[in-house]
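Each remark here refers to the structure printed beneath this line.
The values are calculated or read from the model by the stated rules, or taken from the named source; none is laboratory data. Computed from a predicted structure; not experimentally measured. All Cβ positions, glycine included, derive from the backbone under ideal geometry; neighbour counts span all protein chains shown.
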Amino acid sequence: MPAASAPVATERPVPPAPGSLPAALRHPIAALRWLWPAYLTPGRPGRPTSQEELRWIYTAWLGAFLLKMLGSSWDVSWHFRWLRDDLAPPHLLNSAGTAVVVALVVFHSYSGYGVDRRALRLMQVGIATFLVAIPIDILNHRINGLDITSWSPSHALLYIGTAIMLAGAIRGWWLYAAPGRVRDLVALGLWLFFVENVVFPNQHQEYGVLSLEAYDAGRTTAEPQLLDFAASQGQTPAMFMLPVPSWVHPAWMLCAGLLALVVARKLVGLRWTATVVAGTYLAYRAVMWLGLVAMDFPPSVLPLVLVVGAVAVDLAVTWRVPGWLAAPVVTAVFYAAGALQDAIGFLPPWNWTWWSVLLVGAAFTGLWTAVDLVARSRWLTAWAQPVEPGLAVPAGRSGGAPTP
């Protein structure tokens, strides 16, 4: 008598894709029913991913950091008017972006799509640093009270975590996206968020200088409860509106902001990369300025010197001027632009002493020279190669991930 045949396991069919983002938003349940069996399956980094899938994944990254940027920009102006509140609207907006980032890192970690192992590690370390910094920052505020400064150690952890996770996203996109206009545009968008995160601490002085002028003129933009709380802690308005020395703003803008633009220009490779990123950032700041002032929040000065320095960076890299020679010239152009902006009263306090300018210029020259050395090193060549354990495991999916 023949043995009974074993039941044949049938694979659960995947529902059809929503077709477009608006369709997915109109029918979220149907979109989730398609997304889960189609993509939330275990895999390792380097798993083959089609170009359409990459665009969806990294568009979500852009959306997440747009939410974070909007929330953080509003948050600075908020703190120059109101006392701190953990559940303030800017914090909630920033938290929504963070939640999307967490979901994306979990997705990459579980599925292996759209990243190599190094990109995934950067994302994981970055979001872990950011999440660890949140309770530290809350505790810091509980202990130290107002702590309005953007330059506190707990805030530095937030910036560092954001920079690391963005570095992972930049690496993942640049490794696997096919060359073309879409690749360039998304890369510019990711670098925009990276540069915004780098120069973010300088907004404290850019808001503080106008807030202090308004206070001295008898038309303060801060609520009385904020000023009373600061006074109860023994702080004058100048102490929490301009809490760092005058050399910090130009030094950070040059040695961190413009240095990030140097790296972006070299990696993206488009002729006006630095100028486009800096110009887009300033345009965004201008639009936010209008929106915040319309809502009766304090205004800020705009760091126009950044785009002037960015043009100089693009020209220097295009003409292949080495960093040891280009950096002093860019420094001179940067400080000349700062003098013009200062002449119209639209700049935070800068230290104009000769020794401060020389030290900042020397630091920038050393950093740019180091970037040039790393760019020519064998270490970078090896590090830029994708680490893809997922390619050794059959993924059972069509599509491929082009490698540079």
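Out of Leu226, Leu190, Leu242, which single residue is over 23 Å from Phe334 (Cα atoms) and over 16 Å from the mean Cα position of the chain (by Cα)?
Criteria check complete, one pass: Leu226.
Could we say that Leu66 is of a type in the set (A, V, I, L, M) and touching a Pro at 6+ places or on another chain (Cβ under 7 Å) here?
Considered against the rule, which asks whether it is of a type in the set (A, V, I, L, M) and touching a Pro at 6+ places or on another chain (Cβ under 7 Å), Leu66 comes out as no.
Only one of (1) under 25 Å from the mean Cα position of the chain (by Cα); (2) closer than 30 Å to Thr221 by Cα; (3) at pLDDT 95 or above fails for Ala316. Which number is that?
(2) is the only condition that Ala316 fails.
Is it fair to say Tyr110 is more than 19 Å from the chain's Cα centre (by Cα), among the aromatic types (Phe, Trp, Tyr) and under 26 Å from Val387 (Cα atoms)?
Spelling it out, Tyr110 is indeed more than 19 Å from the chain's Cα centre (by Cα), among the aromatic types (Phe, Trp, Tyr) and under 26 Å from Val387 (Cα atoms).
From the set of residues in region 69-98 that are in contact with a Pro (Cβ under 8 Å, 6 or more places away or on another chain) and at pLDDT below 90, which is nearest to Leu158 (Cα to Cα)?
Only one residue tops the list, namely Asp75.
Scan region 237-252 and tell me whether some residue there is under 23 Å from Arg181 (Cβ atoms) and modelled with pLDDT of 95 or more.
The answer is no, given that none of the residues of region 237-252 is under 23 Å from Arg181 (Cβ atoms) and modelled with pLDDT of 95 or more.
Going by what's in this entry, would Val101 be described as in a helix (DSSP H, G or I), touching a Lys or Arg at 6+ places or on another chain (Cβ under 8 Å) and modelled with pLDDT of 90 or more? Give the derivation first.
On the way: in a helix (DSSP H, G or I): yes; touching a Lys or Arg at 6+ places or on another chain (Cβ under 8 Å): yes; modelled with pLDDT of 90 or more: yes.
Yes; evaluated as a whole, the condition is true for this residue.
Collect the residues in region 109-123 that are surrounded by 21 or more Cβ atoms within 10 Å (Cβ to Cβ), in a helix (DSSP H, G or I) and touching a residue at least 60 places away in the same chain (Cβ under 8 Å), keeping them in residue-number order.
Ser111, Ala119, Leu120
Pick from region 284-303 the residues that are β-branched (Val, Ile, Thr) and surrounded by fewer than 16 Cβ atoms within 10 Å (Cβ to Cβ): which of them is farthest from Thr220 (Cα to Cα)?
Result: Val287.
Do any helices (runs of 4 or more DSSP H) lying entirely in region 222-317 carry at least 2 residues that are free of Cβ contacts under 8 Å to residues at least 12 places away in the same chain and assigned by TED's automatic domain parsing to the domain that holds Ser211, and which ones are they?
Result: 224-232.
Given the options Ile170, Ile134, name the one that is in contact with a helix residue (DSSP H, G or I) (Cβ under 9 Å, 6 or more places away or on another chain) and buried (at least 21 other Cβ atoms within 10 Å of the Cβ).
Only one candidate qualifies: Ile170.
I'd like the residue in region 243-271 that is under 20 Å from Ala156 (Cα atoms) and of a type in the set (Gly, Ala, Ser) and, out of all such residues, is surrounded by the fewest Cβ atoms within 10 Å (Cβ to Cβ).
Across region 243-271, the extreme among qualifying residues is Ser246.
Return the residues of region 48-87 that are assigned to a loop (DSSP other than H, G, I, E, B), farther than 21 Å from Leu210 by Cβ and touching a helix residue (DSSP H, G or I) at 6+ places or on another chain (Cβ under 7 Å); say none if nothing qualifies.
Answer for region 48-87, where residues must be assigned to a loop (DSSP other than H, G, I, E, B), farther than 21 Å from Leu210 by Cβ and touching a helix residue (DSSP H, G or I) at 6+ places or on another chain (Cβ under 7 Å): Thr49, Asp86.
May I ask you to verify whether Gly338 is closer than 18 Å to Lys266 by Cα, crowded, with 17+ Cβ neighbours inside 10 Å, in contact (Cβ under 8 Å) with a residue 12 or more places away in the chain and not aromatic (Phe, Trp, Tyr)?
It is false that Gly338 is closer than 18 Å to Lys266 by Cα, crowded, with 17+ Cβ neighbours inside 10 Å, in contact (Cβ under 8 Å) with a residue 12 or more places away in the chain and not aromatic (Phe, Trp, Tyr).
Can you tell me which residue among Leu62, Leu54, Leu21, Leu66 is at pLDDT below 70 and either in the same structural domain as Met288 (by TED's automatic domain parsing) or within 25 Å of Trp174 (Cβ to Cβ) (or both)?
Result of the check over Leu62, Leu54, Leu21, Leu66: Leu21.
Do the conditions hold for Arg183, that is, is it part of a helix (DSSP H, G or I), among the basic types (Lys, Arg), under 19 Å from Arg271 (Cα atoms) and out of contact with any Leu (no Cβ under 6 Å at 6 or more places or on another chain)?
Yes; evaluated as a whole, the condition is true for this residue.
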